[in-house]
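Every number in this text was worked out from the coordinates using simple rules, so none of it is lab data. As the structure is a prediction and not an experimental result, all values here were calculated from the model. When we count neighbours, we look across all protein chains shown, and the Cβ atoms used for this are built from the backbone with ideal geometry, even at glycine.
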Amino acid sequence: IRHAVAPVVAILTLLGCSPTDGAVAPTSPAPAGSVGAPGIGDRDFPLDGNGGYDVTHYGLALGYTPATKRLDGVTTIRARALQRLSRFNLDLSGLQVSEVSVDGTRATYSRQGDELTVVPAAVLASGARFTVRVAYGGEPRPITDSGNLGTYGFIPTPDGAFVTAEPNGAKTWFPANDHPADKAAFDFEITVPRGLTALANGELTGEPTTADGRTTFRWRESHPMATYLATATLGKFTLRRGETAGGVPNVAAVDPAYHGSLTKLYTVSGEVTDHWSKVFGRYPFSSTGGVVDDFSAGYALETQTKPMYGGFAPDESIIAHELAHQWFGNSVSIRRWQDLWLNEGFATYAEWLWSEHRGRTTADAHFAALRARPASDAFWTYPPGRARPDDLFNDAVYKRGAMTLHALREEIGDQTFFALLREWVERHKYGNATTEQFVTLAEQRSGRQLDALFDAWLFQPERPA
Ligand code: ARG
Ligand code: ZN
């Protein structure tokens, strides 16, 4: 969610393709039908992700030095071939690749734009499990010029890095199948100068170890995670670790500049996690928490298990939003970016539920205030059911998305509505889903024909009647 509204000029950047470093070019032409596609098939982001394989695990071994801004990494990817593969792609932006191997044997590779093409020594059979190891390094560069997305990816800060990658900035710090349609488990081993802290998703697998003036932090996210939700935010941090009242491990961390926010971040994150566990169903991950860094991103991101707040002290509302994403977006993930309202509309609706829960503005009043915007207001021209790649995080995706849920709730009643939310979360837990699947489930559970309602709220460029 955006913290402060800053004017942004939407610029559609055409992807330039140019060969980059001195990598080995693939030698023999690939047999037909065995080339993994350079994109996973999202029509709005044609080169995001890749075809032909499914990643099951990322092992990221990273070293970072703030003084030189140098990142050195070895990424080990375990995957399964979904077709015969004589070559396949990974997404990687900038950085130099020094070696690629597949199943322990050196592979050739080439780079063009943000595509890293890997040619294994032996063709991979359809269904084969394989391991790709990529050694790389350099100065990571965040993405800064893509539509209204602001700055995202691996963002160097004076004392470390702020790492928030939605929608496609994972490729700025590790080679990836960088699209939410391919989720995987993650292990992180992050080495930083002694005195700094590296924060990643999931839980520490042991206490940090220090040698030669550098400390290594090992984190594990064992539940499937979309690449944009991975983080390795690092720098000077004060931590508070414990458990929520409901027994979920809780890790809060703040940059020294936000020292005064640590208690509130920790406490509210715990309360919200426990409350959503009652409303949406059991918390899907093994820990909760949050991180406040002093980089003014102007937004927060729901990085799995540990939302990142970029340069502001989060209030209850935004904590409620980011933690609602753990169910809506992180456990149940979108398959294509156009369905982003399934993340943002739901998390925004959760803000309204939280405010009502705390005895402030009711969901109904939030809805009414927006509904009162004149029909001529530009707000109504953006149909939230089709998020646009050049304006992905438009306010309508958030607020009109939330209004869609409120209109649905009024139509089908509270009991059916909340049972539907829980069933949605349970049915697609740790997986991916689409708007069509939500509409179908809503119709099944309510026993009503809801096309007109969803069409008016999600797909028409005007204020619903
Ligand atoms: N998903 C985030 C939220 O609503 C917003 C991320 C914005 N990302 C960006 N690159 N501007 O909480
Ligand atoms: Zn959000």
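Take the Cα radius of gyration of the stretch 292-373 and divide it by 2.2 N^0.38 Å, N being the number of residues; the result is 1.16.
Please order 278, 306, 429 by the number of other Cβ within 10 Å, starting at the fewest.
By the 10 Å Cβ count, ascending: 278, 429, 306.
Rounded, prolate or oblate: which one fits the stretch 219-356, using the alpha carbon gyration tensor with axes a ≥ b ≥ c (rounded when a/c is under 1.5, else prolate when a/b beats b/c, else oblate)? Cα axes put the stretch 219-356 in the rounded bin. All distinct Cα pairs of the stretch 402-450 go into the 1/r average, and the inverse of that average, the Kirkwood radius, is 11.0 Å. So if I take the centroid of the Cα atoms in the stretch 206-272 and the same for the stretch 364-381, what is the distance between those two points in Å? Between the Cα centres of the stretch 206-272 and the stretch 364-381 lies a distance of 38 Å.
Between residue 148 and residue 122, the modelled labels are 5.2 nm apart [label points 7 Å from Cα along Cα→Cβ]. Using every pair of separate Cα atoms, the Kirkwood estimate puts the hydrodynamic radius of the stretch 144-184 at 11.0 angstrom. Is the shape of the stretch 251-318 rounded, prolate or oblate, going by the alpha carbon gyration tensor and its root eigenvalues a ≥ b ≥ c, with a/c under 1.5 for rounded and a/b larger than b/c for prolate? In terms of gyration-tensor shape, prolate. Annotation: Cα Rg of the stretch 210-252 relative to the compact-globule expectation 2.2 N^0.38 Å equals 1.49.
Under a Cβ-only charge scheme (Lys and Arg +1, Asp and Glu -1), can you give me the dipole magnitude of the stretch 116-238 about the Cα centre, in debye to the nearest 20? Each step should come with its number before you reach the end.
Details: 10 positive and 12 negative charges, 40 e Å.
With only Lys, Arg, Asp and Glu charged at Cβ, the dipole is about 200 debye.
When only Cα pairs below 8 angstrom with a gap of at least 6 residues are kept, the stretch 271-363 shows a relative contact order of 21 percent. Each principal axis of the Cα cloud of the chain was evaluated for its coordinate range; sorted largest first, these ranges are 61, 53, 40 Å. Its Cα gyration tensor gives the stretch 353-431 an equivalent ellipsoid, and the semi-axes of that ellipsoid, as √(5λ) in whole Å with the largest first, are 23, 19, 12.
Take the Cα of residue 37, go 7 Å toward its beta carbon, and the backbone nitrogen atoms of the stretch 161-183 under 19 Å from that spot belong to 168, 176-183.
Taking a ≥ b ≥ c as the square roots of the eigenvalues of the Cα gyration tensor, the stretch 139-272 is classed as rounded, since a/c falls below 1.5. Shape summary: the stretch 114-192 maps onto an equivalent ellipsoid whose semi-axes, from the alpha-carbon gyration tensor, are 27, 16, 12 Å in decreasing order.
In percent, rounded to a whole number, the relative contact order of the chain is 12, using alpha-carbon pairs under 8 Å and six or more apart.
Volume per residue of the convex hull around the Cα atoms, evaluated for the stretch 74-124, comes out as 83 Å³. Our estimate of slack between residue 448 and residue 364, defined as 0.36 nm per intervening residue step minus the Cα-Cα distance, is 28.0 nm. Helical runs (DSSP H, four residues minimum) scored at -39500 (n - 2.57) apiece and divided by the length of the chain put the mean residue ellipticity at 222 nm at -7000 deg cm²/dmol. Spin-label pair residue 379-residue 418: with each label point 7 Å from Cα along the Cα-Cβ axis, the two points sit 2.7 nm from one another.
Separation of the stretch 411-458 from the stretch 116-151 is 35 Å, based on Cα centroids. Ignoring aspartates and glutamates fewer than eight residues from residue 69 along the same chain, the ones with Cα atoms less than 20 angstrom from its Cα are 21, 139, 159, 189, 212, 255, 293, 294. Once the mean 1/r over all distinct Cα pairs of the stretch 379-418 is inverted, what Kirkwood radius in angstroms do you read off? Hydrodynamic radius (Kirkwood, Cα only) of the stretch 379-418 equals 10.9 Å. The value obtained for the stretch 383-465, namely the Cα convex hull volume divided by the number of residues, is 95 Å³ per residue. For the stretch 109-133, the residues whose amide N sits under 19 Å from a probe point set 7 Å from the Cα of residue 54 along the beta carbon direction are 124-132.
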